[in-house]
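The values are calculated or read from the model by the stated rules, or taken from the named source; none is laboratory data. Everything numeric here is computed off the predicted structure, so don't read it as measured data. FYI the Cβ positions are ideal-geometry reconstructions off the backbone, even for glycines, and counts take in every protein chain you see.
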Amino acid sequence: MPDVETLAARPVQRRRIVVRGVVQGVGFRPFVARAAAELRLSGHCGNDALSVFVEAEGTPADLDELVRRLRDEAPPLSVVVDLHSEVLSPRGGSRFEIVPSRRLPGSRTLVPPDVATCADCLREMADREDRRYRHPFITCTNCGPRFTIIQDLPYDRPATTMASFPLCARCEAEYADPANRRYHAQPISCHDCGPRLWVEADGRRLAHGDDSTLAHVHRVLADGGIVAVKGIGGFHLACDATNPAVVARLRARKHRPDKPFAVMAPDITQIAGFAEVSAAEQAALSRPARPIVLLRRRVPCPLADGVAPGLDEVGAMLAYTPVHHLLFRPVPGASDLPPQALVMTSGNLSGEPLCHTDEDARDRLSGIADVILMHDRAIAVPCDDSVVAVSRETELPVRRSRGYAPLPVVLPDDGPVTLAVGAEIKNTFCLTRQDYAFCSGHLGDMGSLEAQRSFESAVAQLLALHGVTPALVVADDHPGYATHEWAQRYADAAGLPLDTVQHHHAHVASLLAESGRIGTPVVGVAFDGTGYGCDRTVWGGEVLYVGADVTTTVRVGHLEPFLLAGGDHAVRHPFRVALGLLHAAGIEAGDLDLARSCSDRECRAVASQLSTGIGCVATTSVGRLFDGVASLLGVRHHVSYEAQAAVELEALARSATTAVDLPMRVTDGTLCHTELVAALVEGVHAGLPRAGLALGFHRALAAAATELVVRAAHDCEVETVGLTGGVFANRLLLEEMRARLGAAGLLVLTHRRVPANDGGLSLGQAVVGRARAAHRGSTARKARTARTAMTARTGGDA
Ligand SMILES: [Zn+2]
Ligand SMILES: [Zn+2]
């Protein structure tokens, strides 16, 4: 029986809880008020510029439960970035209320990302009795476009591209009713007041009205045509993924011979018809961001082979807008059944940025698509689809864009507003404000003028949204990167300092930042294709110690350098890389498959380049090692997209039943490849299974790199190691190394929020740039010494 005394002595506590993140315009305050009422807590909650603040009073257990719910059960569109709680003295009271917002001048809220159509909206869309039956722009408080329609902050309808669609009386009533699920949902509309669809070709409208437009598009798809589809972040090119002829035609028109296409389907059952889907992969596919998820293809597979030639995987995603859902549903009364798996690839020519305006689409996509499915809501910010892979239950970001951008990564401390411009391929940029780092969506390869223009406008847009101007600009060390040149011009024009960061140092810093480990000294493995080294050779197989200050770095290991004949040219022709590896090992190409992949003249030219060193550049790139091994094993000698040979080598290795044992020696901080290459060549000559050799290569590299890292971690007295760089998109290598390093008792950091590839680089640049700026203030001399020490240490390796 509870005695009266304990009840009387029931401890009451008051806590102030501050929740930061995407917590405004997403139904957060009503959620807090509901939870507080259920837990019989008194107090209040409200918005200020950057957070929701809560003061609640009750028993510690009930307050703990409130905190748990704020973290775990927050509304679907909200993103809790961090939650801070402190104990106050009790004040009494019996009610819990929502208090008016407090705005601080000059401060900005966070922009929410775009979210896939929710189950409630889908239900209404399928309900003949609902007034939004088959409405192509149905949304509510919990779903729909956000980032891609926002033109200014604060986020209200007039500041979005929905401003040109005034709400009808019925929508207005829903918007104003706190009990309605569309209360204060900025992008809502209906058949009466919303945007409209039409289909056009050569500037001529072929059908009007939403349903006749969709019926027309279904007929084009069923007849094997290509449709450009205006989405929420840009245009896609769509065609029937099971029709080999149209897939081949799309490849020819897009000038994209091999790079895999993503496939969209209406539900998991359809995806499971062409790919294996684990529970973790299903969870990834179903996230509100609806990323493309890399899945194992079924054998046999109903998809056309041309969707992902030479690969055992396919990138799949679920429909994520009402228009997508309607694309897969027959139009009532129409005869054509739409395909249930559509190629959905970004609407651009290979290498160019995504199309996002109507004029741009008419200009650039008319030669590729037979018709264009248009709508009249403008896209304010282009945003590509995101891509993730699942490795042992963990999601690895491959491309962080729609649904994730522009959510911030939280940094441990405040610092100057910093603009870091990223790398050259798979580019993103990063803007820091206070302790937030905002990474842009995927901008792609910076090689073209179009790409540079879209980079520039994306930078201007993010700066304007946040209402800030940078105090510091950071770029890669590589003077030839378009982003480096742009940063130099930008910094000069604004009278700002330009800082540059070594490529692999930035990779490791990016991993530390996203793991919340800045301040932890680490030995980082940065394996990628190409990065400008401190000694001006091409790095890419680096093991770096990075100190607690993030600015101190020492190269403690690397791949044994070898010569690339033709420098960058070798990237497109892996046989050149293979010849470089053979040259280093003192082996003739002889009757290897690769000798037949090029003309005698070309082969002789490469051989003479390698023996004289003229036209060659030394490299320690592990990405190139993968290319070279792929060519040695006859997988691929010429590529049409970045990392193609390496991706195909990984696929071959995954098909192996047993691995061939191969040697890889570690000497004095160097991963030596000569014995490895000799053993591979011997294996090929002996007729050993190539899949087994490919798997053996992965294992040998993982074992040798682990040995080197374990020794370096011991020497540097660190317990934390990290795996970063584009090569770690290779899940075989990643899993192998994670397991081995973990078994050696080390804490292993891997990427979970930003890509391991160059898409994550800008975050690391920003972090290093800010740390150096902080050091310059206090210990300028120390920082200079650290950088000099790194140069001295690596100088002898060229
Ligand atoms: Zn909804
Ligand atoms: Zn309406």
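When you scan segment 432-545 for helices (runs of 4 or more DSSP H) that lie fully inside it, which ones turn up with 1 or more residues that are within 26 Å of residue 356 (Cα to Cα)? Answer list for segment 432-545: 449-466, 482-494.
Scanning segment 119-131 for residues that are closer than 20 Å to residue 402 by Cβ and away from ligand 2 (no atom under 16 Å from the Cβ) yields a total of 2. On inspection, residue 370 passes the criterion of being surrounded by fewer than 23 Cβ atoms within 10 Å (Cβ to Cβ) and either at pLDDT 95 or above or basic (Lys, Arg) (or both). Only residues that are of a type outside the set (S, T, N, Q) and touching a His at 6+ places or on another chain (Cβ under 6 Å) were counted in segment 580-621, giving 2. Here 335, 350 are screened, and the one residue that is in contact (Cβ under 8 Å) with a residue 12 or more places away in the chain, of a type in the set (Ser, Thr, Tyr) and surrounded by fewer than 24 Cβ atoms within 10 Å (Cβ to Cβ) is 350.
Candidates are the residues of segment 278-313 that are touching a Leu at 6+ places or on another chain (Cβ under 6 Å) and not acidic (Asp, Glu); the one that is nearest to residue 261 (Cα to Cα) is 293.
A single member of 201, 207, 116 is away from ligand 1 (no atom under 16 Å from the Cβ), touching a Phe, Trp or Tyr at 6+ places or on another chain (Cβ under 9 Å) and closer than 26 Å to residue 228 by Cβ, and it is 207. State which residue is farthest from residue 290 (Cα to Cα) when the search covers only segment 132-178 and only residues that are within 15 Å of ligand 2 (Cβ to nearest atom) and loosely packed, with under 13 Cβ neighbours inside 10 Å. Top of the filtered list is 169. Report whether or not residue 18 is touching a Ser or Thr at 6+ places or on another chain (Cβ under 6 Å) and part of a strand (DSSP E or B). In short, yes. Residues in segment 577-584: is at least one farther than 21 Å from residue 675 by Cα, surrounded by fewer than 24 Cβ atoms within 10 Å (Cβ to Cβ) and within 37 Å of the chain's Cα centre (by Cα)? Scanning segment 577-584 turns up no residue that is farther than 21 Å from residue 675 by Cα, surrounded by fewer than 24 Cβ atoms within 10 Å (Cβ to Cβ) and within 37 Å of the chain's Cα centre (by Cα). Every condition in (1) touching a Ser or Thr at 6+ places or on another chain (Cβ under 8 Å); (2) modelled with pLDDT of 95 or more is met by residue 187 except one, and the failing one is (2). Here is the figure for segment 355-402: residues that are in contact with a Pro (Cβ under 6 Å, 6 or more places away or on another chain) and under 27 Å from residue 189 (Cα atoms) total 5. Every condition in (1) over 25 Å from residue 176 (Cα atoms); (2) part of a helix (DSSP H, G or I) is met by residue 84 except one, and the failing one is (2).
Taken over segment 714-728, the residue count meeting the criterion of being surrounded by fewer than 24 Cβ atoms within 10 Å (Cβ to Cβ), assigned to a helix (DSSP H, G or I) and not charged (D, E, K, R) is 2. Within segment 161-183, is even one residue β-branched (Val, Ile, Thr) and within 16 Å of ligand 1 (Cβ to nearest atom)? The answer is no, given that none of the residues of segment 161-183 is β-branched (Val, Ile, Thr) and within 16 Å of ligand 1 (Cβ to nearest atom).
If you scan segment 671-713, which residues turn out to be farther than 19 Å from residue 631 by Cα, assigned to a helix (DSSP H, G or I) and among the hydrophobic types (A, V, I, L, M, F, W, C)? Passing the criteria: 702, 703, 704, 705, 708, 709, 710, 712, 713.
Yes/no matrix, rows are residues, columns are (1) more than 28 Å from the chain's Cα centre (by Cα); (2) of a type outside the set (S, T, N, Q); (3) at pLDDT 85 or above; (4) surrounded by fewer than 18 Cβ atoms within 10 Å (Cβ to Cβ):
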| position | (1), (2), (3), (4) |
| --- | --- |
| 2 | yes, yes, no, yes |
| 11 | yes, yes, no, yes |
| 14 | yes, yes, yes, no |
| 36 | yes, yes, yes, no |
| 42 | yes, no, yes, no |
| 47 | yes, no, no, no |
| 51 | no, no, no, no |
| 75 | no, yes, no, yes |
| 86 | yes, yes, yes, yes |
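So which residues in segment 179-218 are within 16 Å of ligand 2 (Cβ to nearest atom), of a type in the set (Lys, Arg) and over 21 Å from residue 116 (Cβ atoms), if there are any at all? Selection gives 196 alone.
Checked against the criterion of being basic (Lys, Arg), under 27 Å from the mean Cα position of the chain (by Cα) and within 16 Å of ligand 1 (Cβ to nearest atom), the candidates 134, 146, 123 yield just one match: 146.
Residue count for segment 277-303 satisfying the condition of being crowded, with 17+ Cβ neighbours inside 10 Å, in a loop (DSSP other than H, G, I, E, B) and small (Gly, Ala, Ser): 1. For residue 566, indicate whether it is modelled with pLDDT under 95 and in contact with a Lys or Arg (Cβ under 8 Å, 6 or more places away or on another chain). The answer is yes for residue 566. Would you check which residues across segment 304-330 are part of a loop (DSSP other than H, G, I, E, B) and of a type in the set (Asp, Glu) and list them? The answer is 312, and nothing else. Has segment 377-384 got at least one residue that is among the charged types (D, E, K, R), crowded, with 21+ Cβ neighbours inside 10 Å and more than 25 Å from residue 643 (Cα to Cα)? Checked segment 377-384: at least one residue is among the charged types (D, E, K, R), crowded, with 21+ Cβ neighbours inside 10 Å and more than 25 Å from residue 643 (Cα to Cα).
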